[in-house]
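First the structure, in the form of structure tokens, and then the observations on it.
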Amino acid sequence: MKEIIQLENISFNYGRVHAISNLTLTLPTGIFGLLGPNGAGKTTLLKLLLGFLTPTAGEGEIMGYALAEKHKSLRRGIGYMPESDCSIPGMDAVSLTAYLGELSGMPRQEAMKRAHDVLYYVGLEESRYRQVDTYSTGMKQRLKLAQALVHDPKLLLLDEPTSGMDPNGRKEMLELIHDIAKKESMNIIISSHLLPDIESTCQQVVIMNKGRIAAEESIADLKKDNFHVFEIKVVGEQALFFERLHALRCQVQENEKAMFKILLPGEISPAALFNAAYETGVQIRHFRQSRTTLEDAFMNVIRESDGH
Amino acid sequence: MDIREKGYSHWEGELKTSRYNWLPIFFNGIKTVFKKKYAKLIFASSGATFVVFLVAVYVSTKPELKILGELVRLLKSDAELFKTFYTNGFLTFMLVILSIFSGADLISTDLRFKAFPLYFARPLSRSDYLLGKFSVILFYLLLFTLVPGILLLLFKMIFTGSLAVSPMLLLAILVFPLLECVFLASLTLALSILSANTKFIQIAIFLVYMFSNNLAHMLKAIFKNDYFFLISLQGNIEQLGSFLFGLQPTHVYPAWLAVLPPVVISLLAVWLLSWRIKKAEAGS
């Protein structure tokens, strides 16, 4: 499989803050979710890929172009949907999309024709002649997707694509991404903190934590076998019980009053939970194995990369 | 079947590689300025000087007409005529208004609406972006200086029936408005990037024009030294005009020195613009 992104020991600092540290990443063609807690370095990584930032160390290639070189050629093949609420005021959506298409190198008439097409595709056909300043948040998100698609890029970088959208809009946006991803010639990287969005659109994820890659695998593998999830309800002295669970490298999340979600490492038997309860004088009143979600897997990866 | 029903469709065309990536910004800027409210009023006012000088050139060929006497006397010297046309207070004032009108919001609006990621995610360098924006202001400034200057020369030839023009004068007619407009456009663009608030930028440009001139006059009156006109926008334009048209300097200091402030300000503007855009690009 051909690699679209190859990064080796990339670092980037904002002054004294290490935003990206010795990051090595190889992504083949396809659709990838980029996950990570706030400040993990996701947006910095996207900016490095776009050439907005120059790495302080390391080297890499994107679509065959060396990182931090030949930005113009590289950006011709990239479509970027920024997270921030950005627009160029005083223009209607068609003019804006066509204008940005032209800036990407499309001939003027072709850009105008294509602008109509992509605006129709993202669901802005009715309001394409409206001034973009008057657009709602959801419409602006669609417009940002349209401008990223107008020049038909090989690599699409989507930064929080459903941010600020209502449930219906969010569903439609995810459907659009899903549809675009079906075209095998388009590679997509979606950066989002909304795990269900990633789960519904991607099969592969890259999880970042503290400027490093914490995991890079398929969602299925991530959720498989390396830990079990149980829901338990306990009565008694919980503090000692949980202390014992932490010693077993379990992760404990409180779901509701006295109901807890326990992430148990795969190599430890569930019987260890009962032993711990017995030894600390706690009664387990409810015990159920739960379906492993991407959120559970994500929490587990972050915990492990934090060294807990 | 529409595109949504059939799913995402690829574009079959080929992206162009061009050295003129800034051209779409230029054309879009021209269109945007032209569509603004009061555009026609400002353009008409900016063109008024040309009409007055055109009438004066015509009257000078008809001794029986006794209007615009003062101005007509100037026409005896071509250099004086064109220097006065380019550097007269009203035209300079209108050029400042035109700079505010066409350029104050060019970058400040992009800053306010966080448009940089939309521009720079494309094959566009910082210099392409700046050149595109710069060319918009330059276009409108030259439209009311260089273009009427050339037209005035042509009409003068037609009215007098003589094609004789000295090469130095022709050079001055072409070079002076270029220098003046590059200076004003750089200053406008440099101020435009200082804030996301367009009103603030408009006031700042106007204050630079008013304040620099008044301050120079005040300092000259106190210290009896003409060198203070080096800080005046109007003073420098007048002195530069005298220098290029080979006339007696308006102020008592070497005329070539008048080239320095515009050049220094223009270079400073380019540096400031590049630095600010780089910062905004990284933070976008």
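Descriptive notes on the structure:
- Region A:177-186 - residue that is within 10 Å of B:Tyr8 (Cα to Cα) and within 8 Å of chain B (Cβ to nearest Cβ) and, of those, surrounded by the fewest Cβ atoms within 10 Å (Cβ to Cβ): A:Lys182
- Hey, A:Thr280 at pLDDT below 80 and buried (at least 18 other Cβ atoms within 10 Å of the Cβ) or not: no
- Search result, residues across region A:24-66 that are among the charged types (D, E, K, R) and either part of a helix (DSSP H, G or I) or within 15 Å of the chain's Cα centre (by Cα) (or both): A:Lys42, A:Lys47
- Residue-level check: of (1) loosely packed, with under 12 Cβ neighbours inside 10 Å; (2) in contact (Cβ under 8 Å) with a residue 12 or more places away in the chain, A:Glu254 misses just (2).
- Selection status of A:Val206, under 18 Å from A:Gly33 (Cβ atoms) and either touching a strand residue (DSSP E or B) at 6+ places or on another chain (Cβ under 8 Å) or within 14 Å of chain B (Cβ to nearest Cβ) (or both): yes
- Residue that is surrounded by the most Cβ atoms within 10 Å (Cβ to Cβ) [pool: residues in region A:86-99 that are within 29 Å of A:Leu67 (Cβ to Cβ) and within 7 Å of chain B (Cβ to nearest Cβ)]: A:Tyr99
- Checking each residue in region A:293-308 for being among the polar types (S, T, N, Q) and either over 14 Å from A:Val252 (Cα atoms) or at pLDDT 90 or above (or both) picks out A:Thr293, A:Ser305.
- Residue that is farthest from A:Lys113 (Cα to Cα) [pool: residues in region B:5-39 that are of a type in the set (A, V, I, L, M, F, W, C) and part of a loop (DSSP other than H, G, I, E, B)]: B:Trp22
- Region B:239-282 - residue that is surrounded by fewer than 13 Cβ atoms within 10 Å (Cβ to Cβ) and under 30 Å from A:Leu49 (Cβ atoms) and, of those, modelled with the lowest pLDDT: B:Lys279
- When the residues of region A:119-131 are filtered to those that are in a helix (DSSP H, G or I) and facing another protein chain (nearest Cβ under 8 Å), the one that is surrounded by the fewest Cβ atoms within 10 Å (Cβ to Cβ) is A:Tyr120.
- Residues in region B:93-118 that are over 19 Å from B:Ile201 (Cβ atoms) and either surrounded by fewer than 21 Cβ atoms within 10 Å (Cβ to Cβ) or free of Cβ contacts under 8 Å to residues at least 40 places away in the same chain (or both): B:Leu118 alone.
- Leading residue by the ranking (farthest from the other protein chains (Cβ to nearest Cβ)) among those in region A:67-83 that are in a loop (DSSP other than H, G, I, E, B) and surrounded by 18 or more Cβ atoms within 10 Å (Cβ to Cβ): A:Leu67
- In region B:204-215, the condition of being of a type in the set (Val, Ile, Thr), at pLDDT below 90 and part of a helix (DSSP H, G or I) is met by at least one residue.
- Scanning region B:123-134 for residues that are surrounded by 19 or more Cβ atoms within 10 Å (Cβ to Cβ) and of a type outside the set (A, V, I, L, M), we see that the one that is farthest from B:Phe27 (Cα to Cα) is B:Pro123.
- In region A:283-298, the qualifying residues are those that are within 21 Å of A:Ala239 (Cα to Cα) and of a type in the set (A, V, I, L, M, F, W, C), and the one that is surrounded by the fewest Cβ atoms within 10 Å (Cβ to Cβ) is A:Phe287.
- Residues that are facing chain B (nearest Cβ under 10 Å), buried (at least 19 other Cβ atoms within 10 Å of the Cβ), in a loop (DSSP other than H, G, I, E, B) and not hydroxyl-bearing (Ser, Thr, Tyr) do occur in region A:100-108.
- Just so you know, in region B:234-262 the residues that are among the hydrophobic types (A, V, I, L, M, F, W, C) and free of Cβ contacts under 8 Å to residues at least 40 places away in the same chain include one that is farthest from the other protein chains (Cβ to nearest Cβ), and it is B:Val252.
The values are calculated or read from the model by the stated rules, or taken from the named source; none is laboratory data. These numbers were taken from a predicted model, which means no experiment stands behind them. FYI the Cβ positions are ideal-geometry reconstructions off the backbone, even for glycines, and counts take in every protein chain you see.
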